[in-house]
Amino acid sequence: MNEEQRLESQKVENANSSDKKSAKDYSKYFESVVTAPSLKDAKQRGKEEVKYHNDFAIPEEFRGMGNGRKFYIRTYGCQMNEHDTEVMAGIFMALGYEPTDRTEEAHVILLNTCAIRENAENKVFGELGHLKHLKVEKPDLLIGVCGCMSQEESVVNKILKTYNQVDMIFGTHNIHRLPNILKEAYMSKEMVIEVWSKEGDVIENLPKVRRGNIKGWVNIMYGCDKFCTYCIVPYTRGKERSRRKEEIIHEVRQLAAQGYQEITLLGQNVNAYGKDFDDSSYRLGDLMDELRMIDIPRIRFTTSHPRDFDDHLIEVLAKGGNLMNHIHLPVQSGSTEVLKIMARKYTREQYLELVRKIRVAIPDVALTTDIIVGYPNETEEQFEETMSLYQEVGFEAAYTYIYSPREGTPAAKMEDNVPLEVKKERLQRLNALVNESSADALKKYQDQIVEVLVEGASKNNPDVLAGYTNKSKLVNFVGPKTAIGKIVKVKITQTKTWSLNGDMIEEFEPAGVN
Ligand code: 5AD
Ligand code: SF4
(Lines give C-alpha, C1' and ligand atoms only; values in the text may rest on other atoms or scores of the structure.)
(Ligands and ions follow the chains in the order given, each with its own letter.)
Protein backbone atom coordinates (compact mmCIF):
# COMPACT_ATOMS: atom_id res chain seq x y z
CA MET A 1 0.00 0.00 0.00
CA ASN A 2 1.44 3.36 -0.87
CA GLU A 3 1.22 6.45 1.35
CA GLU A 4 -1.87 7.81 -0.32
CA GLN A 5 -3.78 4.55 -0.27
CA ARG A 6 -2.85 4.07 3.33
CA LEU A 7 -4.03 7.53 4.25
CA GLU A 8 -7.24 6.99 2.37
CA SER A 9 -7.87 3.72 4.17
CA GLN A 10 -7.15 5.33 7.55
CA LYS A 11 -9.56 8.10 6.68
CA VAL A 12 -12.27 5.59 5.91
CA GLU A 13 -11.43 3.51 8.97
CA ASN A 14 -11.63 6.54 11.21
CA ALA A 15 -14.86 7.74 9.72
CA ASN A 16 -16.54 4.34 9.78
CA SER A 17 -15.33 2.30 12.67
CA SER A 18 -14.21 2.79 16.22
CA ASP A 19 -13.49 6.44 15.64
CA LYS A 20 -17.12 7.31 14.90
CA LYS A 21 -17.13 9.69 17.83
CA SER A 22 -14.21 11.68 16.48
CA ALA A 23 -15.65 11.67 12.98
CA LYS A 24 -18.90 13.08 14.37
CA ASP A 25 -17.17 15.62 16.58
CA TYR A 26 -15.09 16.83 13.68
CA SER A 27 -17.83 16.72 11.06
CA LYS A 28 -18.11 20.44 10.64
CA TYR A 29 -14.39 20.66 10.06
CA PHE A 30 -14.20 17.33 8.30
CA GLU A 31 -12.75 18.60 5.08
CA SER A 32 -9.66 19.79 6.88
CA VAL A 33 -9.33 16.66 9.01
CA VAL A 34 -7.26 14.05 7.25
CA THR A 35 -7.16 11.77 10.27
CA ALA A 36 -8.20 12.57 13.81
CA PRO A 37 -6.86 10.88 16.93
CA SER A 38 -8.64 8.19 18.90
CA LEU A 39 -7.33 7.00 22.28
CA LYS A 40 -9.54 3.94 21.89
CA ASP A 41 -7.74 2.95 18.70
CA ALA A 42 -4.39 3.80 20.24
CA LYS A 43 -5.01 1.29 22.99
CA GLN A 44 -5.27 -1.68 20.63
CA ARG A 45 -2.25 -3.95 20.41
CA GLY A 46 -2.35 -6.17 17.35
CA LYS A 47 -0.09 -8.96 16.25
CA GLU A 48 0.77 -7.26 12.96
CA GLU A 49 4.44 -7.23 12.21
CA VAL A 50 6.52 -4.10 12.51
CA LYS A 51 7.42 -2.78 9.08
CA TYR A 52 10.82 -1.18 8.58
CA HIS A 53 11.16 1.58 6.02
CA ASN A 54 14.43 2.78 4.64
CA ASP A 55 13.14 4.80 1.75
CA PHE A 56 12.28 8.19 3.21
CA ALA A 57 12.97 10.92 0.68
CA ILE A 58 11.74 14.47 0.27
CA PRO A 59 9.58 14.34 -2.88
CA GLU A 60 10.76 16.59 -5.70
CA GLU A 61 7.60 18.73 -5.51
CA PHE A 62 8.42 19.81 -1.93
CA ARG A 63 12.08 20.72 -2.47
CA GLY A 64 12.75 24.40 -1.90
CA MET A 65 9.42 24.85 -0.10
CA GLY A 66 11.28 26.52 2.73
CA ASN A 67 13.59 28.75 0.71
CA GLY A 68 13.65 32.20 2.32
CA ARG A 69 11.62 30.91 5.28
CA LYS A 70 12.57 30.19 8.90
CA PHE A 71 11.28 27.62 11.38
CA TYR A 72 11.13 27.62 15.17
CA ILE A 73 10.38 24.52 17.28
CA ARG A 74 9.63 24.71 21.00
CA THR A 75 10.04 21.36 22.72
CA TYR A 76 8.28 20.26 25.90
CA GLY A 77 8.77 17.06 27.88
CA CYS A 78 11.17 14.15 27.63
CA GLN A 79 14.29 13.31 25.62
CA MET A 80 12.17 11.41 23.11
CA ASN A 81 10.50 14.71 22.23
CA GLU A 82 13.87 16.48 22.11
CA HIS A 83 15.05 13.85 19.68
CA ASP A 84 11.87 14.10 17.57
CA THR A 85 12.58 17.82 17.36
CA GLU A 86 16.03 17.00 15.92
CA VAL A 87 14.32 14.91 13.24
CA MET A 88 11.77 17.63 12.42
CA ALA A 89 14.58 20.18 12.24
CA GLY A 90 16.32 17.83 9.80
CA ILE A 91 13.22 17.68 7.62
CA PHE A 92 12.79 21.46 7.71
CA MET A 93 16.42 21.97 6.65
CA ALA A 94 16.04 19.41 3.86
CA LEU A 95 13.07 21.47 2.63
CA GLY A 96 15.22 24.61 2.53
CA TYR A 97 14.03 26.30 5.76
CA GLU A 98 16.52 27.94 8.10
CA PRO A 99 16.35 27.64 11.88
CA THR A 100 15.69 30.61 14.14
CA ASP A 101 15.49 30.90 17.91
CA ARG A 102 13.14 33.90 17.77
CA THR A 103 9.42 33.34 17.29
CA GLU A 104 9.05 36.85 15.80
CA GLU A 105 11.36 35.87 12.92
CA ALA A 106 9.75 32.51 12.19
CA HIS A 107 7.51 31.63 9.26
CA VAL A 108 6.56 28.32 10.87
CA ILE A 109 6.30 27.71 14.62
CA LEU A 110 5.85 24.19 15.99
CA LEU A 111 5.06 23.29 19.57
CA ASN A 112 6.31 19.75 20.19
CA THR A 113 4.14 18.92 23.17
CA CYS A 114 4.09 16.64 26.21
CA ALA A 115 0.94 15.03 27.66
CA ILE A 116 2.37 13.31 30.70
CA ARG A 117 0.78 15.64 33.29
CA GLU A 118 -1.85 18.34 33.21
CA ASN A 119 0.60 21.15 33.96
CA ALA A 120 2.68 20.18 30.90
CA GLU A 121 -0.45 20.61 28.78
CA ASN A 122 -1.39 23.92 30.42
CA LYS A 123 2.00 25.36 29.46
CA VAL A 124 1.25 24.60 25.81
CA PHE A 125 -2.20 26.17 25.91
CA GLY A 126 -0.62 29.23 27.57
CA GLU A 127 1.97 29.45 24.81
CA LEU A 128 -0.69 29.14 22.11
CA GLY A 129 -2.42 32.11 23.75
CA HIS A 130 0.82 34.14 23.55
CA LEU A 131 1.31 33.25 19.91
CA LYS A 132 -2.09 34.59 18.91
CA HIS A 133 -0.84 38.17 18.58
CA LEU A 134 1.98 37.05 16.26
CA LYS A 135 -0.54 35.43 13.99
CA VAL A 136 -2.55 38.66 13.94
CA GLU A 137 0.58 40.63 12.98
CA LYS A 138 1.73 38.01 10.45
CA PRO A 139 -1.28 36.20 8.96
CA ASP A 140 1.05 34.06 6.79
CA LEU A 141 2.70 32.56 9.85
CA LEU A 142 1.97 28.83 10.24
CA ILE A 143 1.48 27.55 13.78
CA GLY A 144 1.54 23.81 14.39
CA VAL A 145 0.97 21.53 17.36
CA CYS A 146 2.66 18.13 17.35
CA GLY A 147 3.96 15.61 19.88
CA CYS A 148 2.01 13.68 22.49
CA MET A 149 -0.84 16.15 23.09
CA SER A 150 -1.95 15.95 19.48
CA GLN A 151 -2.66 12.23 19.98
CA GLU A 152 -5.49 13.09 22.41
CA GLU A 153 -8.92 13.78 20.96
CA SER A 154 -9.83 16.09 23.88
CA VAL A 155 -6.86 18.31 23.01
CA VAL A 156 -7.68 18.38 19.30
CA ASN A 157 -11.29 19.29 20.15
CA LYS A 158 -10.16 22.09 22.46
CA ILE A 159 -7.81 23.50 19.83
CA LEU A 160 -10.53 23.34 17.18
CA LYS A 161 -12.94 25.18 19.46
CA THR A 162 -10.69 27.74 21.10
CA TYR A 163 -7.38 28.16 19.30
CA ASN A 164 -8.09 29.05 15.70
CA GLN A 165 -4.60 30.54 15.41
CA VAL A 166 -3.40 26.92 14.97
CA ASP A 167 -2.94 25.87 11.32
CA MET A 168 -1.88 22.26 11.71
CA ILE A 169 -1.95 19.43 14.21
CA PHE A 170 0.00 16.26 13.56
CA GLY A 171 0.80 13.25 15.68
CA THR A 172 3.87 11.40 16.91
CA HIS A 173 3.43 8.80 14.14
CA ASN A 174 3.16 11.46 11.43
CA ILE A 175 6.52 13.22 11.78
CA HIS A 176 7.79 11.86 8.46
CA ARG A 177 4.71 13.39 6.83
CA LEU A 178 5.80 16.93 7.82
CA PRO A 179 6.48 18.01 4.19
CA ASN A 180 2.98 16.95 3.10
CA ILE A 181 1.37 18.53 6.15
CA LEU A 182 3.17 21.84 5.56
CA LYS A 183 2.13 21.84 1.92
CA GLU A 184 -1.46 21.15 2.88
CA ALA A 185 -1.37 23.93 5.48
CA TYR A 186 -0.06 26.45 2.93
CA MET A 187 -2.83 25.54 0.54
CA SER A 188 -5.76 25.18 2.92
CA LYS A 189 -7.61 27.81 4.91
CA GLU A 190 -8.81 25.12 7.29
CA MET A 191 -6.84 23.64 10.14
CA VAL A 192 -4.94 20.59 8.87
CA ILE A 193 -5.17 17.62 11.23
CA GLU A 194 -3.27 14.43 10.58
CA VAL A 195 -2.95 12.16 13.58
CA TRP A 196 -2.63 8.41 13.14
CA SER A 197 -3.60 6.60 16.32
CA LYS A 198 -2.09 3.24 15.45
CA GLU A 199 1.27 2.91 13.88
CA GLY A 200 3.40 -0.15 13.66
CA ASP A 201 6.22 1.15 11.53
CA VAL A 202 9.83 2.13 12.08
CA ILE A 203 11.15 4.71 9.64
CA GLU A 204 14.89 4.57 9.49
CA ASN A 205 16.50 7.17 7.33
CA LEU A 206 14.85 10.39 8.45
CA PRO A 207 17.19 13.38 8.36
CA LYS A 208 18.31 14.82 11.71
CA VAL A 209 19.91 18.02 12.86
CA ARG A 210 21.36 17.19 16.25
CA ARG A 211 21.59 19.81 18.95
CA GLY A 212 25.27 20.03 19.73
CA ASN A 213 28.13 17.75 18.79
CA ILE A 214 29.16 16.40 22.18
CA LYS A 215 26.21 14.29 23.33
CA GLY A 216 23.80 12.48 21.03
CA TRP A 217 20.54 10.58 21.44
CA VAL A 218 19.93 7.30 19.68
CA ASN A 219 16.46 5.77 19.62
CA ILE A 220 16.53 2.05 20.17
CA MET A 221 12.80 1.52 20.43
CA TYR A 222 9.51 3.33 20.17
CA GLY A 223 6.26 3.03 22.10
CA CYS A 224 5.29 1.23 25.27
CA ASP A 225 3.09 -1.80 25.98
CA LYS A 226 3.24 -1.62 29.76
CA PHE A 227 0.02 0.36 30.29
CA CYS A 228 0.77 1.51 33.83
CA THR A 229 -2.68 2.64 34.93
CA TYR A 230 -1.77 6.34 35.30
CA CYS A 231 0.21 6.75 32.11
CA ILE A 232 -0.81 8.22 28.76
CA VAL A 233 2.38 7.21 26.92
CA PRO A 234 1.19 3.82 25.56
CA TYR A 235 -1.67 5.73 23.91
CA THR A 236 0.36 8.64 22.56
CA ARG A 237 3.42 6.66 21.42
CA GLY A 238 1.87 3.40 20.24
CA LYS A 239 3.04 -0.17 20.55
CA GLU A 240 6.59 -1.28 21.31
CA ARG A 241 8.72 -1.37 18.17
CA SER A 242 12.46 -2.05 18.40
CA ARG A 243 14.90 -0.81 15.83
CA ARG A 244 17.10 -3.39 14.20
CA LYS A 245 20.46 -3.73 15.96
CA GLU A 246 22.39 -3.11 12.73
CA GLU A 247 20.80 0.33 12.36
CA ILE A 248 21.53 1.26 15.98
CA ILE A 249 25.14 0.08 15.85
CA HIS A 250 25.65 1.92 12.58
CA GLU A 251 24.25 5.16 14.04
CA VAL A 252 26.43 4.91 17.16
CA ARG A 253 29.53 4.21 15.03
CA GLN A 254 28.74 7.26 12.92
CA LEU A 255 28.39 9.45 16.03
CA ALA A 256 31.68 8.11 17.38
CA ALA A 257 33.38 8.86 14.06
CA GLN A 258 31.99 12.40 14.17
CA GLY A 259 33.63 12.92 17.57
CA TYR A 260 30.61 12.61 19.86
CA GLN A 261 31.71 11.81 23.40
CA GLU A 262 28.50 10.41 24.80
CA ILE A 263 25.38 8.71 23.51
CA THR A 264 22.14 8.00 25.33
CA LEU A 265 20.02 5.14 24.07
CA LEU A 266 16.40 6.20 24.14
CA GLY A 267 13.12 4.41 24.58
CA GLN A 268 10.04 4.71 26.75
CA ASN A 269 10.96 1.35 28.22
CA VAL A 270 14.41 0.41 26.91
CA ASN A 271 14.49 -2.85 28.83
CA ALA A 272 11.78 -4.20 26.56
CA TYR A 273 14.20 -3.80 23.64
CA GLY A 274 13.89 -6.78 21.30
CA LYS A 275 10.82 -8.32 22.92
CA ASP A 276 8.89 -7.60 19.73
CA PHE A 277 11.39 -9.47 17.53
CA ASP A 278 9.80 -12.71 16.40
CA ASP A 279 12.95 -13.96 14.81
CA SER A 280 15.52 -13.44 17.56
CA SER A 281 16.10 -13.42 21.30
CA TYR A 282 18.46 -10.41 21.07
CA ARG A 283 17.82 -8.03 24.02
CA LEU A 284 19.20 -4.85 25.57
CA GLY A 285 22.06 -6.73 27.29
CA ASP A 286 23.21 -8.11 23.95
CA LEU A 287 22.99 -4.67 22.35
CA MET A 288 24.97 -3.00 25.14
CA ASP A 289 27.57 -5.75 24.91
CA GLU A 290 28.12 -4.89 21.25
CA LEU A 291 27.91 -1.13 21.67
CA ARG A 292 30.55 -1.06 24.40
CA MET A 293 33.10 -2.20 21.81
CA ILE A 294 32.59 1.03 19.88
CA ASP A 295 35.18 3.69 20.53
CA ILE A 296 32.97 6.26 22.22
CA PRO A 297 33.75 7.33 25.80
CA ARG A 298 30.30 7.21 27.34
CA ILE A 299 27.13 5.20 26.80
CA ARG A 300 23.93 5.67 28.80
CA PHE A 301 20.33 4.55 28.41
CA THR A 302 16.95 5.79 29.53
CA THR A 303 14.35 4.93 30.69
CA SER A 304 14.26 1.53 32.37
CA HIS A 305 11.34 -0.45 33.68
CA PRO A 306 12.35 -2.69 36.60
CA ARG A 307 10.23 -5.54 35.28
CA ASP A 308 12.35 -6.24 32.20
CA PHE A 309 15.74 -5.52 33.79
CA ASP A 310 17.30 -8.93 33.27
CA ASP A 311 20.40 -10.60 34.70
CA HIS A 312 22.26 -10.55 31.40
CA LEU A 313 21.92 -6.76 31.20
CA ILE A 314 23.31 -6.44 34.74
CA GLU A 315 26.20 -8.73 33.83
CA VAL A 316 27.02 -6.61 30.78
CA LEU A 317 26.73 -3.30 32.65
CA ALA A 318 29.11 -4.68 35.26
CA LYS A 319 31.82 -4.79 32.58
CA GLY A 320 32.00 -1.01 32.98
CA GLY A 321 34.35 0.78 30.58
CA ASN A 322 32.25 3.16 28.53
CA LEU A 323 28.99 1.86 30.07
CA MET A 324 28.23 4.48 32.71
CA ASN A 325 27.63 3.47 36.32
CA HIS A 326 24.40 5.41 36.69
CA ILE A 327 21.03 3.70 36.32
CA HIS A 328 17.73 5.57 36.32
CA LEU A 329 15.22 3.01 37.56
CA PRO A 330 11.74 4.47 38.11
CA VAL A 331 10.07 2.84 41.12
CA GLN A 332 6.95 5.10 41.30
CA SER A 333 5.94 3.91 44.80
CA GLY A 334 7.36 1.96 47.73
CA SER A 335 4.05 0.30 48.54
CA THR A 336 3.27 -3.10 47.02
CA GLU A 337 -0.45 -2.28 47.21
CA VAL A 338 -0.05 0.96 45.28
CA LEU A 339 2.31 -0.69 42.78
CA LYS A 340 -0.41 -3.27 42.14
CA ILE A 341 -3.02 -0.59 41.45
CA MET A 342 -0.50 1.14 39.21
CA ALA A 343 -0.10 -2.17 37.31
CA ARG A 344 3.68 -1.92 37.63
CA LYS A 345 3.84 -5.72 37.93
CA TYR A 346 6.49 -5.87 40.64
CA THR A 347 6.38 -5.68 44.43
CA ARG A 348 8.45 -3.57 46.81
CA GLU A 349 10.44 -6.72 47.64
CA GLN A 350 11.10 -7.55 43.99
CA TYR A 351 12.33 -4.01 43.36
CA LEU A 352 14.65 -4.23 46.37
CA GLU A 353 15.93 -7.60 45.16
CA LEU A 354 16.71 -6.08 41.75
CA VAL A 355 18.60 -3.25 43.45
CA ARG A 356 20.52 -5.77 45.52
CA LYS A 357 21.54 -7.70 42.40
CA ILE A 358 22.63 -4.52 40.64
CA ARG A 359 24.71 -3.42 43.63
CA VAL A 360 26.41 -6.81 43.97
CA ALA A 361 27.39 -6.68 40.29
CA ILE A 362 28.18 -2.94 40.17
CA PRO A 363 29.11 -1.82 43.70
CA ASP A 364 29.85 1.74 42.60
CA VAL A 365 26.51 2.36 40.88
CA ALA A 366 24.42 5.52 41.32
CA LEU A 367 20.69 4.88 41.33
CA THR A 368 18.06 7.52 40.63
CA THR A 369 14.33 7.18 40.25
CA ASP A 370 10.88 8.61 39.47
CA ILE A 371 8.16 8.74 42.13
CA ILE A 372 4.48 9.61 41.98
CA VAL A 373 2.84 10.73 45.22
CA GLY A 374 -0.86 11.04 45.95
CA TYR A 375 -2.02 8.16 43.79
CA PRO A 376 -5.82 7.72 44.12
CA ASN A 377 -6.56 6.66 47.70
CA GLU A 378 -2.89 6.45 48.74
CA THR A 379 -2.83 6.14 52.54
CA GLU A 380 -0.36 7.80 54.88
CA GLU A 381 1.16 4.36 55.59
CA GLN A 382 1.57 3.63 51.87
CA PHE A 383 3.26 6.99 51.39
CA GLU A 384 5.56 6.25 54.35
CA GLU A 385 6.56 3.05 52.55
CA THR A 386 7.75 5.17 49.64
CA MET A 387 9.79 7.30 52.06
CA SER A 388 11.34 4.22 53.68
CA LEU A 389 12.08 2.58 50.31
CA TYR A 390 13.85 5.74 49.19
CA GLN A 391 16.18 5.51 52.17
CA GLU A 392 16.60 1.77 51.96
CA VAL A 393 17.71 1.93 48.32
CA GLY A 394 19.87 5.00 48.90
CA PHE A 395 18.75 6.80 45.74
CA GLU A 396 20.98 9.73 44.88
CA ALA A 397 18.30 11.78 43.11
CA ALA A 398 14.69 11.56 41.95
CA TYR A 399 12.07 13.21 39.81
CA THR A 400 9.00 13.49 42.00
CA TYR A 401 5.45 14.23 40.87
CA ILE A 402 1.95 14.61 42.22
CA TYR A 403 -0.32 12.18 40.42
CA SER A 404 -2.13 13.90 37.55
CA PRO A 405 -5.23 12.18 36.10
CA ARG A 406 -4.95 11.60 32.34
CA GLU A 407 -8.19 11.20 30.47
CA GLY A 408 -8.53 7.77 28.88
CA THR A 409 -6.28 5.98 31.40
CA PRO A 410 -7.75 3.53 33.97
CA ALA A 411 -6.56 5.60 36.95
CA ALA A 412 -8.47 8.65 35.75
CA LYS A 413 -11.71 6.74 36.44
CA MET A 414 -10.72 5.83 40.01
CA GLU A 415 -12.38 7.61 42.89
CA ASP A 416 -9.81 9.49 44.93
CA ASN A 417 -10.18 10.32 48.61
CA VAL A 418 -6.83 12.13 49.01
CA PRO A 419 -7.24 15.92 49.13
CA LEU A 420 -4.81 17.97 47.02
CA GLU A 421 -3.46 19.63 50.16
CA VAL A 422 -2.41 16.24 51.52
CA LYS A 423 -0.76 15.33 48.19
CA LYS A 424 1.19 18.59 48.22
CA GLU A 425 2.29 18.06 51.78
CA ARG A 426 3.50 14.53 50.92
CA LEU A 427 5.41 15.84 47.93
CA GLN A 428 7.12 18.40 50.18
CA ARG A 429 8.13 15.73 52.67
CA LEU A 430 9.46 13.51 49.90
CA ASN A 431 11.33 16.38 48.28
CA ALA A 432 12.97 17.25 51.61
CA LEU A 433 14.26 13.66 51.78
CA VAL A 434 15.34 13.72 48.11
CA ASN A 435 17.28 16.97 48.62
CA GLU A 436 18.93 15.73 51.78
CA SER A 437 19.94 12.43 50.13
CA SER A 438 21.34 14.24 47.11
CA ALA A 439 23.36 16.62 49.31
CA ASP A 440 24.68 13.63 51.30
CA ALA A 441 25.64 11.75 48.13
CA LEU A 442 27.48 14.82 46.83
CA LYS A 443 29.32 15.50 50.11
CA LYS A 444 31.35 12.35 49.48
CA TYR A 445 32.98 14.10 46.51
CA GLN A 446 34.67 16.80 48.62
CA ASP A 447 38.39 16.98 47.57
CA GLN A 448 37.90 14.06 45.18
CA ILE A 449 38.92 14.07 41.53
CA VAL A 450 36.14 13.35 39.03
CA GLU A 451 35.97 12.99 35.25
CA VAL A 452 33.72 15.58 33.65
CA LEU A 453 32.46 15.73 30.08
CA VAL A 454 32.51 19.49 29.48
CA GLU A 455 29.40 20.75 27.72
CA GLY A 456 29.99 24.50 27.70
CA ALA A 457 29.66 27.56 29.89
CA SER A 458 27.63 27.27 33.07
CA LYS A 459 24.04 28.55 32.81
CA ASN A 460 24.55 31.05 35.60
CA ASN A 461 28.09 32.23 34.95
CA PRO A 462 29.67 32.49 31.48
CA ASP A 463 33.18 32.41 33.02
CA VAL A 464 32.61 29.01 34.54
CA LEU A 465 32.43 25.70 32.64
CA ALA A 466 29.87 22.97 33.29
CA GLY A 467 29.55 19.29 32.58
CA TYR A 468 28.56 15.94 34.02
CA THR A 469 30.42 13.10 35.73
CA ASN A 470 30.05 9.40 34.86
CA LYS A 471 27.29 9.23 37.46
CA SER A 472 25.51 12.25 35.93
CA LYS A 473 26.47 14.77 38.64
CA LEU A 474 26.57 18.36 37.47
CA VAL A 475 29.97 20.01 38.00
CA ASN A 476 30.69 23.73 37.62
CA PHE A 477 34.38 24.50 37.48
CA VAL A 478 37.03 26.93 36.40
CA GLY A 479 38.92 25.87 33.30
CA PRO A 480 39.90 26.91 29.78
CA LYS A 481 37.25 27.12 27.02
CA THR A 482 39.38 24.66 25.04
CA ALA A 483 38.14 21.98 27.43
CA ILE A 484 34.62 22.14 25.94
CA GLY A 485 33.74 18.83 24.31
CA LYS A 486 36.46 16.96 26.19
CA ILE A 487 36.55 14.78 29.26
CA VAL A 488 38.67 16.48 31.92
CA LYS A 489 39.69 15.85 35.51
CA VAL A 490 38.24 18.23 38.08
CA LYS A 491 39.09 18.50 41.77
CA ILE A 492 35.93 19.14 43.80
CA THR A 493 36.24 22.11 46.14
CA GLN A 494 32.62 22.55 47.23
CA THR A 495 29.54 20.34 47.32
CA LYS A 496 25.95 21.59 47.15
CA THR A 497 22.50 19.99 47.09
CA TRP A 498 22.34 19.38 43.35
CA SER A 499 25.79 20.19 42.00
CA LEU A 500 29.53 20.24 42.64
CA ASN A 501 32.05 23.07 42.25
CA GLY A 502 35.68 22.52 41.44
CA ASP A 503 38.86 23.35 39.54
CA MET A 504 40.07 21.59 36.43
CA ILE A 505 43.35 19.83 36.96
CA GLU A 506 44.04 18.18 33.61
CA GLU A 507 42.60 16.75 30.46
CA PHE A 508 41.68 13.14 30.72
CA GLU A 509 42.38 10.48 28.13
CA PRO A 510 39.70 7.82 28.51
CA ALA A 511 41.08 4.28 28.45
CA GLY A 512 40.49 2.38 25.21
CA VAL A 513 37.42 0.26 24.83
CA ASN A 514 37.14 -2.98 26.77
N1 5AD B 1 0.89 11.77 36.88
C2 5AD B 1 2.07 12.05 37.48
N3 5AD B 1 3.25 11.58 37.07
C4 5AD B 1 3.26 10.79 35.99
N5 5AD B 1 4.26 10.17 35.35
C6 5AD B 1 3.75 9.49 34.30
N7 5AD B 1 2.42 9.65 34.26
C8 5AD B 1 2.08 10.45 35.30
C9 5AD B 1 0.85 10.97 35.79
N10 5AD B 1 -0.30 10.69 35.20
C11 5AD B 1 5.66 10.22 35.79
C12 5AD B 1 6.23 8.84 36.12
C13 5AD B 1 7.13 8.58 34.96
C14 5AD B 1 7.62 9.97 34.62
C15 5AD B 1 8.19 10.12 33.26
O16 5AD B 1 6.45 10.76 34.74
O17 5AD B 1 6.95 8.95 37.32
O18 5AD B 1 8.21 7.71 35.29
FE1 SF4 C 1 4.28 4.99 31.07
FE2 SF4 C 1 6.78 4.13 31.55
FE3 SF4 C 1 4.64 2.71 32.47
FE4 SF4 C 1 5.21 2.80 29.80
S5 SF4 C 1 6.47 1.89 31.46
S6 SF4 C 1 3.19 3.03 30.76
S7 SF4 C 1 5.98 4.92 29.59
S8 SF4 C 1 5.30 4.80 33.11
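The values are calculated or read from the model by the stated rules, or taken from the named source; none is laboratory data. If you're wondering where the values come from, they're calculated on a predicted model, not measured in any experiment. Note: ideal-geometry Cβ built from the backbone for every residue, glycine included; neighbour counts use all protein chains shown. Heads up: the accessible areas ignore ligands, DNA and RNA and are worked out on the full protein's heavy atoms, side chains in. Shrake-Rupley method; radii C 1.70, N 1.55, O 1.52, S 1.80 Å.
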- request: Could you tell me which residue of segment 178-190 is nearest to ligand 2 (Cβ to nearest atom), considering only residues that are open to solvent by 20 Å² or more (accessible area, probe 1.4 Å) and of a type outside the set (S, T, N, Q)?
  value: GLU184
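Report yes if MET88 is open to solvent by 60 Å² or more (accessible area, probe 1.4 Å), in contact with a strand residue (DSSP E or B) (Cβ under 8 Å, 6 or more places away or on another chain) and either in a loop (DSSP other than H, G, I, E, B) or away from ligand 2 (no atom under 16 Å from the Cβ) (or both), otherwise no.
no
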- request: Please go through segment 366-377 and pick out each residue that is buried (at least 20 other Cβ atoms within 10 Å of the Cβ) and either not assigned by TED's automatic domain parsing to the domain that holds ALA412 or not polar (S, T, N, Q) (or both).
  value: ALA366, LEU367, ILE371, ILE372, VAL373, GLY374, TYR375
- request: Go through segment 39-85 and give me each residue that's open to solvent by 50 Å² or more (accessible area, probe 1.4 Å) and not in a loop (DSSP other than H, G, I, E, B).
  value: LYS40, LYS43, LYS51, TYR52, HIS53, GLU60, GLU61, LYS70, ARG74, GLN79
field: Of residues in segment 314-329 being open to solvent by 40 Å² or more (accessible area, probe 1.4 Å) and free of Cβ contacts under 8 Å to residues at least 60 places away in the same chain, the one farthest from THR368 (Cα to Cα)
entry: GLU315
task: Check GLU381, GLU385 and return the single one that is surrounded by fewer than 17 Cβ atoms within 10 Å (Cβ to Cβ) and either in a helix (DSSP H, G or I) or more than 13 Å from ligand 1 (Cβ to nearest atom) (or both).
output: GLU381
task: All but one of (1) in contact with a Leu (Cβ under 8 Å, 6 or more places away or on another chain); (2) surrounded by fewer than 14 Cβ atoms within 10 Å (Cβ to Cβ) hold for TYR445, so report the exception by its number.
output: (2)
message: Yes or no: segment 140-148 includes at least one residue that is open to solvent by 20 Å² or more (accessible area, probe 1.4 Å) and either among the polar types (S, T, N, Q) or not in a helix (DSSP H, G or I) (or both).
response: yes
statement: Per the filter on segment 194-222, residues open to solvent by less than 20 Å² (accessible area, probe 1.4 Å) and modelled with pLDDT of 95 or more are GLY216, VAL218, ASN219, ILE220, MET221
- line: When every residue in segment 469-482 that is outside any loop (DSSP other than H, G, I, E, B) and buried (at least 20 other Cβ atoms within 10 Å of the Cβ) is compared, the one nearest to the chain's Cα centre (by Cα) is VAL475
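Looking only at segment 264-302, which residues are charged (D, E, K, R) and out of contact with any strand residue (DSSP E or B) (no Cβ under 8 Å at 6 or more places or on another chain)? Let's see the steps before the verdict.
First, pick out the residues of segment 264-302 that are charged (D, E, K, R): 275-276, 278-279, 283, 286, 289-290, 292, 295, 298, 300.
Within segment 264-302, ASP278, ASP279, ARG283, ASP286, ASP289, GLU290, ASP295 qualify.
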message: With the condition being aliphatic (A, V, I, L, M) and without any contact (Cβ under 8 Å) to a residue 60 or more places away in the chain, I'd like the strands (runs of 3 or more DSSP E) fully within segment 154-251 carrying at least 2 qualifying residues.
response: 168-170
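Kindly indicate the residue of segment 205-237 that is touching a strand residue (DSSP E or B) at 6+ places or on another chain (Cβ under 7 Å) and under 29 Å from ASP167 (Cβ atoms) and also nearest to ligand 1 (Cβ to nearest atom) among those meeting that condition.
Restricting attention to segment 205-237, the residues satisfying the condition of being touching a strand residue (DSSP E or B) at 6+ places or on another chain (Cβ under 7 Å) are 210, 214-223, 230, 237.
Next, from what is left, pick out any that are under 29 Å from ASP167 (Cβ atoms): 210, 217, 219, 222-223, 237.
Values: ARG210: 23, TRP217: 16, ASN219: 17, TYR222: 16, GLY223: 15, ARG237: 12 Å.
Within segment 205-237, the match that is nearest to ligand 1 (Cβ to nearest atom) is ARG237.
Here is a yes/no grid of residues against (1) assigned by TED's automatic domain parsing to the domain that holds SER472; (2) more than 16 Å from ligand 1 (Cβ to nearest atom); (3) in contact with a strand residue (DSSP E or B) (Cβ under 7 Å, 6 or more places away or on another chain); (4) under 29 Å from ASP416 (Cβ atoms):
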position	(1), (2), (3), (4)
PHE309	no, no, no, no
GLU315	no, yes, no, no
GLN332	no, no, yes, yes
LYS340	no, yes, no, yes
LYS345	no, no, no, yes
